[in-house]
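Asker: One structure, pasted below without further comment.
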Amino acid sequence: MAAKGNGGQGKRSQRVESAAQAGKKPGGEPSLSLERIVATAVELLDAEGIDGLKMRRLADRLGAGVMSLYWHVANKEEVFDLALDAVFAYRAPPQRIEPEDWRRDVVHMLEDWRAIMLRHPWSASLLPRRALGANVLGRLETMSEVLSRAGVADADMNVAIWSLWNYVLGATVTRASFALSHADQAAGQKRLSALSERYPTIERTRLLLDSDWDGTFRKGLDVLLDGLPRG
């Protein structure tokens with residue numbers, strides 16, 4: 001898990017404060033906000049992926065000069081960090097009348113996490129190699145609190161958290177990578193049938209035709225939650 005000092009954060013705050021006081025950035029361009037930059041960066045990443053995020057391209061989308069972006073962000077790496085954290089803002093489910101259910105709460109958090117990464121496929125690639133922001137860390141803290149109330153001991157907490165992290169991340173990447181058409185699936189199963197003597201089990205279970213991604217994710221999650229060590 002990467003960590004960052006807060007020296008850059010202080011410099012960024014100074015830049016933002018100076019820009020706000022001036023009303024406009026140098027050159028008389030319309031003032032920008034950090035929120036606009038991040039929201040536009042997310043839109044650009046959704047449209048063009050990680051390689052498509054260039055500071056000049058981002059500035060063009062904002063209708064601003066590229067140098068004006070640096071009043072708010074230090075560099076492109078900071079834009080990646082902010083965009084990644086922005087999409088992971090967590091909205092807890094509404095309060096329910098029924099008794100507290102730790103398993104329901106964990107499932108909600110993980111299904112929400114998976115849905116975010118499917119809406120923003122670039123986030124699954126960035127998440128393992130970026131500094132973790134407040135929203136991602138907040139999710140991990142909330143999940144740890146829920147698991148602790150469920151009886152998972154501190155000695156087992158890291159195993160539980162990283163197992164759930166790896167499962168959601170792996171399931172999301174696999175779903176995105178295997179987005180095959182029905183025709184491709186049928187062709188793959190046909191080739192597998194011709195090789196059934198070598199691959200009898202996966203041919204019999206028709207593995208290549210299984211497209212119930214949501215159901216498979218939920219069933220696999222149930223298996224993982226059943227195996228959590230709880231006191």
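Asker: Between the stretch 116-159 and the stretch 34-106, how many Å separate their Cα centres?
Answerer: 17 Å
Asker: Another question about this same structure. Quick check on the stretch 102-146: take the gyration tensor over C-alpha atoms, sort the square-rooted eigenvalues as a ≥ b ≥ c, and tell me if it's rounded (a/c under 1.5), prolate or oblate.
Answerer: It is oblate, given that a/c is not under 1.5 and a/b is not larger than b/c.
Asker: Which of rounded, prolate or oblate describes the stretch 125-227 when judged by the alpha-carbon gyration tensor and an a/c cut-off of 1.5?
Answerer: It is prolate, given that a/c is not under 1.5 and a/b is the larger ratio.
Asker: Averaging over every viewing direction, what projected area does the convex hull of the Cα atoms of the stretch 55-135 cover, in nm²?
Answerer: 7.1 nm²
Asker: What FRET efficiency comes out for the pair GLU145/THR201, r = Cβ-Cβ distance, R0 = 41 Å, nearest 0.05? Mind showing how you got there, number by number?
Answerer: On the way: r = 41 Å, r/R0 = 1.00.
That pair, GLU145 with THR201, gives E of 0.50.
Asker: Follow-up. Could you give each residue of the stretch 189-204 its phi-based ³J(HN,Hα) in whole Hz, using Karplus coefficients 6.51, -1.76, 1.60 with θ = phi - 60°, and x for Gly or Pro?
Answerer: Computed from phi, the couplings for the stretch 189-204 are 5, 5, 5, 5, 4, 5, 10, 4, 5, 8, 10, x, 6, 6, 6, 5 Hz.
Asker: Here is a follow-up. Can you list the residues, at least 5 places off or on another chain, whose amide H is less than 5 Å from the amide H of SER31, using H built in the peptide plane?
Answerer: The list, which skips near neighbours in sequence, is LYS25.
Asker: Rank-order 158-164, 32-38, 222-228 by packing density, defined as the average count of other C-beta atoms within 10 Å over each peptide's residues, highest first.
Answerer: The peptides rank, most packed first, as 32-38, 158-164, 222-228.
Asker: Which ³J(HN,Hα) values, rounded to whole Hz and listed in residue order, are derived for the stretch 154-162 from phi using the Karplus coefficients 6.51, -1.76 and 1.60 in 6.51 cos²θ - 1.76 cosθ + 1.60 with θ = phi - 60°, glycine and proline given as x?
Answerer: Values, residue by residue: 4, 5, 9, 5, 5, 4, 5, 5, 5 Hz.
Asker: Under the Karplus relation 6.51 cos²θ - 1.76 cosθ + 1.60, θ = phi - 60°, what is the ordered set of whole-Hz ³J(HN,Hα) values for the stretch 42-47, x standing for Gly and Pro?
Answerer: So the J values, rounded to whole Hz, are 4, 4, 5, 5, 4, 7.
Every read-out reported here was derived from the displayed coordinates using simple, explicitly stated rules and does not represent laboratory data. These numbers were taken from a predicted model, which means no experiment stands behind them. Virtual Cβ from ideal backbone geometry, glycine too; neighbours counted across all protein chains shown.
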